[in-house]
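As structure tokens, the structure follows; a few thoughts come after it.
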Amino acid sequence: MAKIKLNQRALATTAMLTCLIFLVQVLMTNMASAERLLKDKEPEASAGKEMSPGYIVKVLHFLFQGGKSSYEPVWPDMKFDWRIVVGTIVGFLGAALGSVGGVGGGGIFVPMLTLIIGFDPKSSTAISKCMIMGASGATVYYNLRLRHPTLDMPLIDYDLTLLFQPMLMLGISIGVAFSVMFADWMVTVLLIILFLGTSTKALFKGIDTWKKETMVKKDAAKQLESESKPEDGAEEDYKPLPSGPVVLPDDEVPLRENIYWKEVALLFYVWAGFLVVQIVQTYFPTCSVTYWILNSLQVPIAASVTLFEAICLCKGTRVIASKGKEITNWKLHQILLYCSCGIIAGMVGGLLGLGGGFILGPLFLELGIPPQVASATSTFAMAFSSSMSVVEYYLLNRFPVPYAAYFALVATISAFVGQHVVRKIIAFLGRASLIIFILALTIFVSAVSLGGVGIANMVEKLENEEYMGFENLCHQS
């Protein structure tokens with residue numbers, strides 16, 4: 001009876017959460033139109049009265065102005081010059097760091113595309129998603145041949161992916177819609193607050209892991225010294241902790257041994273379901289009743305897989321095996337919290353053109369997942385979400401295909417090189433904490449670069465007295 005009640009509570013709570021997400025998306029979409037309609041209905045006679053508007057009225061007038069939009073796409077011609085050369089170098093380095101840290105590198109791609117290549121911020125966001133798709137796809141292919149550092153299982157944790165990937169993709173769909181509606185300054189404020197917090201958290205985690213690695217190295221040296229003495233008795237074999245500092249083994253295995261087909265089929269079910277919804281809804285007018293009905297179908301598609309995994313974790317029929325012997329008693333409120341983090345990660349990714357790994361990576365580390373597994377699993381989830389974002393942006397005609405194809409190829413090659421080089425360095429130094437430091441560095445650089453670009457654009461628009469409020473999603477496509 002207790003398990004049945006738990007399942008009923010999980011179903012009810014998840015249903016309420018998904019309904020709220022959908023309602024927020026609809027309300028935010030129509031808010032601009034509603035405000036404009038209210039303004040049009042005001043009597044003209046009141047215009048002659050000399051009454052100073054209140055603070056709230058000024059804010060609403062700043063955010064919602066009928067018929068105004070500051071968005072104008074800027075797509076420079078594709079030609080070989082210094083911009084392409086410098087952009088390629090920066091994109092290559094960003095993809096290498098992002099693929100190793102499991103964050104995609106979008107925080108470096110977007111400023112590069114805006115400041116160097118010359119795209120507008122929203123087009124840069126869309127092309128950034130194409131680069132993340134290429135880098136994450138290459139990284140996943142590389143990681144599929146690798147095993148867990150200390151356990152007999154794949155490097156990618158499929159159960160962890162099943163819990164987060166559907167919510168990540170649901171958040172991506174919401175974030176892409178919000179990216180059309182939200183003004184650049186709103187995104188900039190969100191980015192600075194979020195990235196500074198996550199980068200600081202990741203840095204502290206890296207320092208803590210570095211200290212653990214140092215202790216493990218000392219213990220290993222002492223044990224090796226004691227084993228070299230014949231008078232000492234036999235002692236236990238040294239085994240590094242699953243969640244502690246470890247080094248990837250040199251051996252690789254065939255793909256068929258590392259792919260869990262049942263879990264992969266569920267992930268592709270979510271991906272294919274979202275893809276079908278995105279394609280079909282393009283045949284109907286934006287913001288029509290049919291459009292929103294089709295859009296809402298993404299909620300049960302994502303919730304069904306996440307709910308299945310959540311119930312299995314609560315019952316104990318499935319476990320997050322990458323944590324090793326550290327048993328986690330999953331509670332309902334914990335699962336809801338983690339699912340909410342997945343949705344937030346997707347929304348941030350859709351808004352900023354970044355990978356959800358900027359949130360998932362630090363979150364996985366806090367759960368006690370080894371750095372290598374956290375990076376590989378985060379990238380695996382991003383491969384699905386970023387490809388879906390590319391489809392959505394393509395349907396919205398938000399990027400030029402030649403530029404997107406070129407930079408996606410650059411990111412793909414860079415991801416292979418970055419994975420290979422950093423893997424060799426970690427094996428040589430014996431410090432997996434390097435992955436965490438790369439993660440923290442990438443997030444911090446992204447916060448500085450994206451925040452700087454956003455603030456500069458905000459100051460320019462204020463000087464030119466341009467419209468800086470919400471856009472209308474229904475008039476954008």
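The values are calculated or read from the model by the stated rules, or taken from the named source; none is laboratory data. Keep in mind it's a predicted model, so treat the numbers as computed, not measured. Cβ sites come from the backbone with ideal geometry, for glycine too, and all protein chains shown count toward neighbours. Each accessible area value is taken on the protein alone, full model and side chains, heavy atoms only, with ligands, DNA and RNA left out. Shrake-Rupley method; radii C 1.70, N 1.55, O 1.52, S 1.80 Å.
Out of all the residues in the stretch 64-121, which are at pLDDT below 75 and aromatic (Phe, Trp, Tyr)?
Those that are at pLDDT below 75 and aromatic (Phe, Trp, Tyr): Phe64, Tyr71.
Taking the stretch 312-359 as the search range and keeping residues that are of a type in the set (Ser, Thr, Tyr) and part of a loop (DSSP other than H, G, I, E, B), which one is modelled with the highest pLDDT?
Of all residues in the stretch 312-359, those of a type in the set (Ser, Thr, Tyr) come to 317, 322, 328, 338, 340.
Narrowing further to those that are part of a loop (DSSP other than H, G, I, E, B): 317, 328.
On the way: Thr317: 78, Thr328: 63.
The qualifying residue modelled with the highest pLDDT is Thr317.
Restricting to the stretch 249-271, what's the tally of residues that are modelled with pLDDT of 85 or more, loosely packed, with under 13 Cβ neighbours inside 10 Å and not aromatic (Phe, Trp, Tyr)?
The number of residues fulfilling the criteria is 2.
When the stretch 376-414 is examined, which residues are found to be open to solvent by less than 10 Å² (accessible area, probe 1.4 Å) and within 20 Å of Asp157 (Cβ to Cβ)?
Once the filter is applied, which keeps residues that are open to solvent by less than 10 Å² (accessible area, probe 1.4 Å) and within 20 Å of Asp157 (Cβ to Cβ), the stretch 376-414 yields Ala376, Thr377, Ser378, Thr379, Ala381, Met382, Ser385, Ser386.
Looking at the stretch 198-248 only, could you name the residues that are outside any helix (DSSP H, G or I) and either open to solvent by less than 40 Å² (accessible area, probe 1.4 Å) or modelled with pLDDT of 80 or more (or both)?
Taking the stretch 198-248 as the starting set, the residues that turn out to be outside any helix (DSSP H, G or I) are 228-248.
Scanning the stretch 198-248 gives Pro242, Ser243, Gly244, Pro245, Val246, Leu248.
Could you list all residues from the stretch 162-178 that are more than 13 Å from the chain's Cα centre (by Cα) and closer than 20 Å to Leu332 by Cα?
Leu162, Leu163, listed by residue number.
It is to be established whether one or more residues within the stretch 139-150 are at pLDDT 85 or above, crowded, with 24+ Cβ neighbours inside 10 Å and under 30 Å from Val85 (Cβ atoms).
Scanning the stretch 139-150 turns up at least one residue that is at pLDDT 85 or above, crowded, with 24+ Cβ neighbours inside 10 Å and under 30 Å from Val85 (Cβ atoms).
Pick from Phe284, Phe274: which is surrounded by 18 or more Cβ atoms within 10 Å (Cβ to Cβ) and of a type in the set (Phe, Trp, Tyr)?
Details: Phe284 fails: surrounded by 18 or more Cβ atoms within 10 Å (Cβ to Cβ).
Sole residue among the options that is surrounded by 18 or more Cβ atoms within 10 Å (Cβ to Cβ) and of a type in the set (Phe, Trp, Tyr): Phe274.
Within the stretch 419-451, which residues are open to solvent by 40 Å² or more (accessible area, probe 1.4 Å) and over 20 Å from Leu146 (Cα atoms)?
Phe437, Leu441, Phe444, Val445, Val448, listed by residue number.
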